[in-house]
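Asks: Mind looking over this structure? Questions follow.
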Amino acid sequence: MRLVERPRQLAELLVMLVLSAALLGGEGICAILFFHWISGLRLGVDEKNKHGLNVSASSRLGGLAVFMVAIVLIVWGALIDPQRMAADISRTGTYHLGFISLIVCALMGLSEDLRNNFLTPRVRLISKFAVIAAMAFYWPQIIPTSIGVYGVDFLLQSPLIGLILVTIFLVGFINAINMADGANGLVPGVVVCATLIFSLQTNRMVDESIFLAFAAFLLFNVISGRLFLGDMGTYGAGCMLGLYGLIFFNEGVFSLSFLAALFAYPCLDFLVSISRRLAAGESAFLPDNNHLHNRLYFHVAKRLGDGVHANSVTGLLIASCTSGVVLLGYLQNWWPVTSNSWIVIFIGEILAYALVLYLCDRAQVVSQHSKTV
């Protein structure tokens, strides 16, 4: 079996190197080679069909790999242009508290990647609440004073309630990103769209480095399917994007509707999944294979075959039709990023999610019925 797989892996590696060279330059080539190496380690191997989509055992160390690549790119950038890095650091103020929270959350995820159930789901959830609450307590500037919704704005006038709401939001967002990580290219695609927008908007070296690391990972994840973000990657990405959203909103960089449209899929899928499980009398946070991307994969696989291609098409399709649309709108300047007009895109994403969910359910029922006849 290994003799059959090795030429295919070499061919995939060649394709990834060519694409990364064309799109990301020398940094992308180095990142791809590192991802290729780390995917071959015997640590953090995810069993076949764990998410209902992966058709072979794959490494869960993608989050660790992306983190390491991003750090190397940041250090390399600082050595090449120390003045720009110094300017970036001076603009970040008290961001170090958010970075500490991100590291702690990511390390909790890494423990799960290396040893399944090293920390129970309840311990991880409580720990995330404790870490985020402590960060918000010592960094009250992260708490919005107003979001434009009357009832919520009234509650935010209380510092304690504001701290509680921000803690619930960030922990929920981290879990939403974690739940959405089921198809190749889905969460990495969302992160790439978001970090590209953030780097273009801020022109910060750190943001560019994070974008490059995730863009290279997206190529490797989609083409090979041999490396997943894992819990370290989803916990870290969820914490990072949640903090970015709060920071940018508080600083007036992006409107709430723009951020809602950008992160629509993980949030919608999280809310629908939690509601579905509670309605069925099940635990709200236990994993299952009944997400929209699982249902869509069922139909894509019928046409493309049950493999990496169907997995990747599913993830890329969802990411490009949600966050990708927002990226396109940003690049073409449909509306100012501070405008509330982006709510139109968000409403469209809600309707599209509901329609695809309905059509997938209906088509699956018809397919199962035809098999029994």
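Asks: Modelled label-to-label distance, LEU125 and LEU10, 7 Å Cα→beta-carbon offset: nm?
Replies: Those two pseudo-labels are separated by 4.9 nm.
Asks: Quick check on the chain: helices-only [θ] at 222 nm, where DSSP H runs of length 4 and up contribute -39,500 (n - 2.57) each and the sum goes over total residues. Nearest 500, please.
Replies: Result for the chain: -25500 deg cm²/dmol, rounded to the nearest 500.
Asks: Taking a temperature of 4 °C and a viscosity of 1.567 mPa s, what whole-number D in µm²/s does Stokes-Einstein yield for the range 2-372 with Rh from Kirkwood over alpha carbon pairs?
Replies: Estimated via Stokes-Einstein, D reaches 61 µm²/s.
Asks: Put +1 on the Cβ of every Lys and Arg and -1 on every Asp and Glu Cβ in the chain; which of GLY162, ALA264, THR314 then has its Cα farthest towards the positive end of the dipole?
Replies: THR314
Asks: What size of dipole, in debye to the nearest 20, comes out for the range 2-372 about its Cα centre when the only charges are +1 on Lys and Arg C-beta atoms and -1 on Asp and Glu C-beta atoms? Walk me through the numbers on the way to the answer.
Replies: Working: 22 positive and 21 negative charges, 172 e Å.
Result for the range 2-372 is approximately 820 debye, rounded to the nearest 20.
Asks: Mind sorting VAL325, VAL72 by how few other Cβ atoms lie within 10 Å of their own Cβ, fewest first?
Replies: VAL72, VAL325
Asks: Placing unit charges on C-beta atoms (Lys and Arg positive, Asp and Glu negative, everything else neutral), compute the dipole magnitude of the range 89-160 about its Cα centre in debye, rounded to 20.
Replies: 140
Asks: Extending each Cα 7 Å along its Cβ direction at VAL72 and LEU107, get the distance between those two points in nm, one decimal.
Replies: With each label placed 7 Å out from Cα toward Cβ, I get 2.3 nm.
Asks: Let me ask you something else. Counting other beta carbons within 10 Å of each residue's own, what order do ARG276, ARG122 fall into, fewest first?
Replies: Ranking ARG276, ARG122 by Cβ neighbours within 10 Å, fewest first, gives ARG122, ARG276.
Asks: Give me D for the range 245-327 in µm² s⁻¹, whole number, from Stokes-Einstein with Rh from the Kirkwood sum over alpha-carbon pairs, 4 °C and 1.567 mPa s.
Replies: Result for D is 88 µm²/s.
Asks: Right, next: Report the gain in length on full extension from CYS321 to LEU286: 0.36 nm times residue separation, minus Cα-Cα distance, nm rounded to one decimal.
Replies: Gain on extension, CYS321 to LEU286, equals 9.9 nm.
Asks: Can you order the peptides 300-310, 332-342 by their average number of other Cβ atoms within 10 Å per residue, highest first?
Replies: Working: 300-310: 16.0, 332-342: 14.4.
Packing proxy ranking, top to bottom: 300-310, 332-342.
Asks: Right, next: State, in angstrom, two size descriptors of the range 197-250 derived from its alpha carbons: Rg to one decimal place and Dmax to the nearest whole number.
Replies: 12.6, 39
Asks: Report the label-to-label distance for GLU251 and LEU114 in nanometres (one decimal), using points 7 Å from each Cα along the Cα→Cβ vector.
Replies: Simple spin-label model gives 3.3 nm for this pair.
Asks: Let me ask something else about it. What length, rounded to one decimal in nm, is gained on full extension from ALA354 through to SER158, with 0.36 nm per residue of separation minus their alpha-carbon distance?
Replies: Working: separation 196, 0.36 × 196 = 70.56 nm, distance 3.55 nm.
Roughly 67.0 nm would be gained on extension.
Asks: Also, quick follow-up: Please order THR202, THR234 by the number of other Cβ within 10 Å, starting at the fewest.
Replies: In order of increasing Cβ crowding within 10 Å: THR202, THR234.
Asks: Give the longest segment of the chain that steers clear of GluC sites (Glu not before Pro) in DSSP loops with at most 13 neighbouring Cβ atoms within 10 Å, not counting the sites themselves. If you can, show how the numbers build up before the last one.
Replies: On the way: sites that count: GLU47, GLU251, GLU282.
That gives 48-250 as the longest site-free run.
Bear in mind these aren't lab numbers, they're just calculated from the coordinates by the rules spelled out. Computed from a predicted structure; not experimentally measured. Note that each Cβ is placed from the backbone with ideal geometry, even for glycine, and that neighbours are counted across all protein chains shown.
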